[in-house]
1. Check whether at least one residue in segment 241-248 is in contact with a Pro (Cβ under 7 Å, 6 or more places away or on another chain) and either on the phi > 0 side of the Ramachandran plot or in a strand (DSSP E or B) (or both), and report yes or no.
2. Name the residue, out of Asn384, Asn345, that is under 23 Å from Gln294 (Cβ atoms), under 21 Å from the mean Cα position of the chain (by Cα) and touching a residue at least 60 places away in the same chain (Cβ under 8 Å).
3. Just checking, how many residues over segment 361-393 are in a strand (DSSP E or B), of a type in the set (Asp, Glu) and open to solvent by 20 Å² or more (accessible area, probe 1.4 Å)?
4. I'd like the full set of residues that are among the β-branched types (Val, Ile, Thr) and crowded, with 17+ Cβ neighbours inside 10 Å, limited to segment 133-151.
5. Between a first residue in segment 280-303 that is in contact (Cβ under 8 Å) with a residue 60 or more places away in the chain and a second residue that is open to solvent by 20 Å² or more (accessible area, probe 1.4 Å) and aliphatic (A, V, I, L, M), which pairs have beta carbons less than 6 Å apart while being 6 or more apart in sequence or on different chains?
6. If Glu188 satisfies every condition in (1) of a type in the set (Asp, Glu); (2) open to solvent by 50 Å² or more (accessible area, probe 1.4 Å); (3) part of a strand (DSSP E or B); (4) within 28 Å of Asp258 (Cβ to Cβ) but one, which is the exception?
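The values are calculated or read from the model by the stated rules, or taken from the named source; none is laboratory data. Source: prediction; values computed, not measured. Neighbour counts run over all protein chains shown; Cβ positions are idealised from the backbone, glycine included. The protein model used for the area step is the full one, side chains on, heavy atoms only, and it has no ligands, DNA or RNA in it. Shrake-Rupley method; radii C 1.70, N 1.55, O 1.52, S 1.80 Å.
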Amino acid sequence: MDAGSSSSSISSEKRRMSSRRPLQDVPSRPFLPSMHTTSRNPSSRQSGDRFIPDRSAMDMDVAYYLLTQTRKEKENAGPASSPSKEAYRKLLAENLLKNRTRILAFHSKPPAPSRPFFQEADAVSPHHAKPAKQRRYIPQSADRTLDAPDIVDDYYLNLLDWGSGNVLSIALGNTVYLWDASDGSTSELVTVDDDAGPVTSVSWAPDGRHIAVGLNSSDVQLWDSTSNRSLRTLRGVHGSRVGSLAWNNNILSTGGMDGKIVNNDVRVRSHVVQTYRGHQQEVCGLKWSGSGQQLASGGNDNLVHIWDVSMASANPPRGQNQWFHRFDDHMAAVKALAWCPFQSNLLASGGGGGDRCIKFWNTHTGACLNSVDTGSQVCSLLWNNKERELLSSHGFTQNQLTLWKYPSMVRIAELTGHTSRVLFMAQSPDGCTVASAAGDETLRFWNVFGTPEAAKPAAKSANSGPFSSFNHIR
């Protein structure tokens, strides 16, 4: 074919394609009957489709005769067979065919079933077959990013928390800021003096209104976020900075660089209830279980302790171990702790840069159920409240958030965007959104745990919570 005809055919093809709109239904071709006649003579050869023969080339009378004639007539029409072949044929007919001369012959239609097959399948399927669950879409980029200047890049601190009132608190240097997730407004709660600062930990009370603020000076302040009013200051609890806080109803547990863990009843004047001594270095992780019966602590001494309320005493005998379990399998500091929401005795812990492992513990028996090497420093852990999933935040080299499927620990997704280690994570009250703060001075929001369900209005009591009788300290 010459060049001129090729170019003309290509241009005509382009014009034809350009006239079609994309992603539209393609019209089907109309049926065109054959324009030539065929003979009914079976001897005439006419080619049809490869799999669907041309019926016009068939002689239906001949086909009917061949299908209905007896086997005996076929044998008589053929050449005479020898006596030995005839005896062999009869022997086969008696033993294999049971003297049935018409195998695969046309007979009357089979009886119709009493009940259609598909109706039976439809009746049985709801009890045996379950519809396949649609895979959840997980966005790979942050839904929102906020600036977080002057955030302290310290692995051992806890500077981010999301309260039940849907207000996020973050400590930036000497100041604690509140970000209301409902309308995106920002307010300043408190700025401490340089002698007391920087702020080393923040933690919301269960009522979502009051907040505890730990300071580098070893003091712990309690604030009312609605009125921006300081309620009280807990002094003399620790000898150095307070880097971890955890609430259990009216009990505020504080962990300090001095290795002590102190339970404080914020309702009474003499607030110290118990003091736990088990860590030799700074306590950087504290988490109460959902039942409020066990407290998990992680420290810079690579240890994880489980403290049980039933074993607690204000003045334990000298030399007696107070902890319920002591785990020393990690090879670096343990800050990341998370209690499983669907199994009360399951605890996940993450180690620092020299360990890089996530370990799972049965806190009833003290057994290590599994250990997974993540390849980088584990800074924080969060469970999904709706699915069997665990989210971890990491440091060098990728500074990513990793979503794991439990218990197989298969990586579901990796969320990247931070340019420095992701030190802190907090979960929204509906359990769907996760906020992460990193050393790159950014605060990012990820829709990693699905979409929120329609919230049911809950009746609020004005006199409920640990601070209901705070104006009358005993």
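1. Yes, segment 241-248 contains at least one residue that is in contact with a Pro (Cβ under 7 Å, 6 or more places away or on another chain) and either on the phi > 0 side of the Ramachandran plot or in a strand (DSSP E or B) (or both).
2. Within the list Asn384, Asn345, the selection yields Asn384.
3. 1
4. Ile151
5. Glu282/Met257
6. If we test Glu188 against (1) of a type in the set (Asp, Glu); (2) open to solvent by 50 Å² or more (accessible area, probe 1.4 Å); (3) part of a strand (DSSP E or B); (4) within 28 Å of Asp258 (Cβ to Cβ), just (4) comes out false.
Residue-by-condition table, conditions (1) in a loop (DSSP other than H, G, I, E, B); (2) among the β-branched types (Val, Ile, Thr); (3) in contact (Cβ under 8 Å) with a residue 12 or more places away in the chain:
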residue: Val176; (1), (2), (3): no, yes, yes
residue: Gly184; (1), (2), (3): yes, no, no
residue: Val202; (1), (2), (3): no, yes, yes
residue: Gly208; (1), (2), (3): yes, no, yes
residue: Ser227; (1), (2), (3): yes, no, no
residue: Gly239; (1), (2), (3): yes, no, yes
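Residues checked against (1) open to solvent by 60 Å² or more (accessible area, probe 1.4 Å); (2) modelled with pLDDT of 95 or more; (3) in contact with a Cys (Cβ under 6 Å, 6 or more places away or on another chain); (4) not in a strand (DSSP E or B):
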residue: Ser408; (1), (2), (3), (4): yes, yes, no, yes
residue: Met425; (1), (2), (3), (4): no, yes, no, no
residue: Pro429; (1), (2), (3), (4): yes, yes, no, yes
residue: Pro452; (1), (2), (3), (4): yes, no, yes, yes
residue: Lys460; (1), (2), (3), (4): yes, no, no, yes
residue: Ser464; (1), (2), (3), (4): yes, no, no, yes
